[in-house]
Every structure is written in C-alpha cells, then in structure tokens.
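**Q** Sharing a structure here in structure tokens format.
Rule-based calculations on the coordinates, nothing more; no lab input. Since the model is a prediction, treat every value here as computed from it, not as a measurement. Here Cβ is always computed from backbone atoms with ideal geometry, including for glycine, and neighbour counts include all displayed protein chains.
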Amino acid sequence: MAAVWAAFWVVTTIFYEDPSSATAASQSIELSPTTPFTASATNDTQVDSLHHRSHRVTAEEPLEATVSEVPTPPAAERMTASRWLVAGLMCWSAMTCFFVLGAWEANIPVFTSSALRSVGLNFSPTGAGNFIAIGGAIATPLLLVNAYLARRMQDRYILFIGTSIGAVGLAIFVSLLGGNVRIGYAPLLICWTLIALGFNVASTVSMSLMSKTLPPGLNSWASLAVQYANYTGRVTGAVWGGSGVAVGMLGYVGLEIGIVGVLGVGSCALWRDMKAKTG
C-alpha cells in the first residue's frame, strides 16, 4: 500500500494541476464595451479646466507610487509554528494508534500460546483469532456511538477520550503482569477491548483535525502524511508485537505506554492550537 500511495502521489503531481485563484479571477472578469469620447466645441473649456485642476492636485498632493509587491497570503493560508506542531502531533497520533493496535493483534496469538507463568491460557491460532474478533465485536457498538457523537464534539475531545480509554487498558494489563498473577480469559479480554475501542476511536480524528487546522492547499499532503504514519505504525507494531514474549512482556507494554505518553504530553501542550470546528 505504501508503494501504491507513492505511485499515486507521482501521478497526481505530473498529470493534475489545480487552477490558480488569479487565473480563475481573471477569467471571470468581463469588460464592458467602451465608446470613444468625442469632445465637442461647447465643452472644450470644461475639459481644459478639468485637465488644469488634475495637474494642480498632482503638484500639490503627490500620489504614492504603486509598487508591485508579492501579495501577502491571509492568515488562514499561512503555515505557523503551531500548525506545524499540530501536524506533527497528528502524524504521531496516527502512528501511535496503529502501532498499539498492530502490536496487540500480533502479540495475542504469541502471548496466549506461550508457556509463561503469567498466562493461564493455551490458545490455538484459531482460538487467538476468535479472541481478537470477540474484543472487536464488543467495541463495535461503541464505535458507532462515536460516529454519532463526532458531529457534536470537537476532534481534540474525541482524541483525548479515545487515548484515555486505551491507556486505561494498557495500565490494567501492566498491573496484571507486575502482580505475578495468572492472567485469565476475562482480564485479558477487558484489556484488549479497552485498547481496541480507545485507539480505534482516537485514530478517527488524525486526518480530520489536521485538515481543519492546516491551510486548504495542503490537504493532499496532509492525507499522504497521515497514511504513511498509519502504515509505519502498522508495520512496526506488528514486528514489536510478535517479539513481545522474547523481549519481555513488561518491556513490551512499557514501550507502548511511553509512545502513548508522548502523545498525551503533546496534546496537553498544543491543546489550544487543536481547537477546530465540529463535524
């Protein structure tokens, strides 16, 4: 998919071109027909008087010379430091959500089939797949509720709620690992459901919030940036999840909590800059 997006970007850059606003404005202006002015003998005196007064005004009150300058873009079209930071944070958010989701989807089959003392399960690959599907099925109705609330809530609140729910799932799981207890079906299902729900909710606002805060002309670039962040999170998360048992489950979850923590700190620092319209 990353290669397909790269090819799409090359094709659109070469073959597609948006009409500039200046060209569109110049094409929309219609000139009214003009008629030649004929000075009659009766108004020659008036014309000379007007011409004399125009010279006198020019001499007494010189007009400022017009200098051709590059027009300054309006505030909505300018990239500021806060907009760059929000764009980077949204890319990090997209990567974080899919990193955690991909890591758990890859780790659950390995973790539940291992001989670790902390796990009381012995899932087959089919059983692990059914377990992942059950957690997703439980979270699906709540995701539909999020689709309804998204029209009435700002994206930054949805990001906060989703990230918080996912972080609670990670915190419960790390407490179970550190408590030297055998993790059964129900505790693991609760953790997985919270993580699947929270980070799926948070992933819905990355592109939306970026497109609302960046100038309209950068929407295509914003879409590419978010998509590449998604793919980066998916690939690296799957690799990390598959190696979770080998590196140690506490270290495995610790890295995920650290990545989510960076997102939380960045959201707090840029909270005002992430304010955008709803819908």
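**Q** Output the direction-averaged projected area (hull surface divided by four) of the convex hull of the alpha-carbon atoms of region 97-274, in nm².
**A** 10.3 nm²
**Q** As I understand it, the dipole of region 97-274 uses +1 on the Cβ of Lys and Arg and -1 on the Cβ of Asp and Glu, about the Cα centre. Which of Tyr231, Leu189, Val245 lies farthest toward its positive end?
**A** Leu189
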